Amino acid sequence: MMLLTPEIREALCANDHARRVALATGEREPDPIPVVRFFNPVGQATWLATEIDSDGVMFGLADLGFGCPELGSFALDEMEAIRLPLGLGIERDILFEGAFPLSVYAEAARRAGSLVLADRLLHKAAASLKGGR
């Protein structure tokens with residue numbers, strides 16, 4: 001599976017550019033909504049990415065399944081090179097649509113100890129607010 005489509009790469013690059021412009025002009029860094037989610041189909045690792053630089057290094061939230069999700073950088077080429085059992089590799093969640101800024105995902109994941117659990121809780125809370133409960 002191709003991890004980044006041209007459209008996803010463009011959105012990630014745009015977020016990287018916005019962050020660099022904010023830093024250069026002394027403005028507050030943006031808190032973008034994640035563009036893409038990657039996951040290990042035979043494990044617990046999950047990544048949300050908000051940006052990518054010209055070297056192919058992405059920034060976002062990584063949860064390797066050890067109970068301590070954290071913000072950081074991860075390289076696209078390293079993710080593409082991972083070989084898992086059964087000939088599988090890291091995959092892109094083709095149904096993912098970011099709904100919250102990265103800081104919200106990060107805080108919820110830290111509190112829950114899991115990005116996957118935090119995502120479920122966030123969407124459940126958002127749905128209950130829409131329902132007026």
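Once the chain is represented by equal point scatterers at the alpha-carbon sites, with solvent omitted, what log10 I(q)/I(0) does the Debye formula produce at q = 0.11, 0.14, 0.21 Å⁻¹? Values, matching the q order: -0.41, -0.65, -1.30. Extension gain for R20-A75 works out to 17.9 nm (0.36 nm per residue, less the C-alpha to C-alpha distance).
Couplings for segment 32-44, taken from phi via the Karplus curve 6.51 cos²θ - 1.76 cosθ + 1.60 with θ = phi - 60°, read x, 7, x, 8, 8, 10, 10, 8, 8, x, 10, x, 9 Hz in order; Gly and Pro are left as x. Computed over segment 73-127, the percent of Cα pairs more than 17 Å apart is 53. Among F74, A127, P101, which residue has its Cα furthest toward the positive end of the charge dipole of the chain, with +1 on Lys/Arg Cβ and -1 on Asp/Glu Cβ? Selected residue: A127.
Note on the chain: with charges restricted to the Cβ of Lys and Arg (+1) and Asp and Glu (-1), its dipole about the Cα centre is near 680 debye. If I take R0 = 30 Å and measure r between the Cβ atoms of H123 and L88 in this structure, what FRET efficiency does the formula 1/(1 + (r/R0)^6) give, to the nearest 0.05? Between H123 and L88 the formula returns 0.70.
Read-outs: derived from the displayed coordinates by stated rules, not from any lab. A quick note: this is a predicted structure, and the numbers were derived from the prediction, not measured. Using ideal geometry, Cβ is built from the backbone for each residue, glycine included, and neighbour counts are taken over all protein chains shown.
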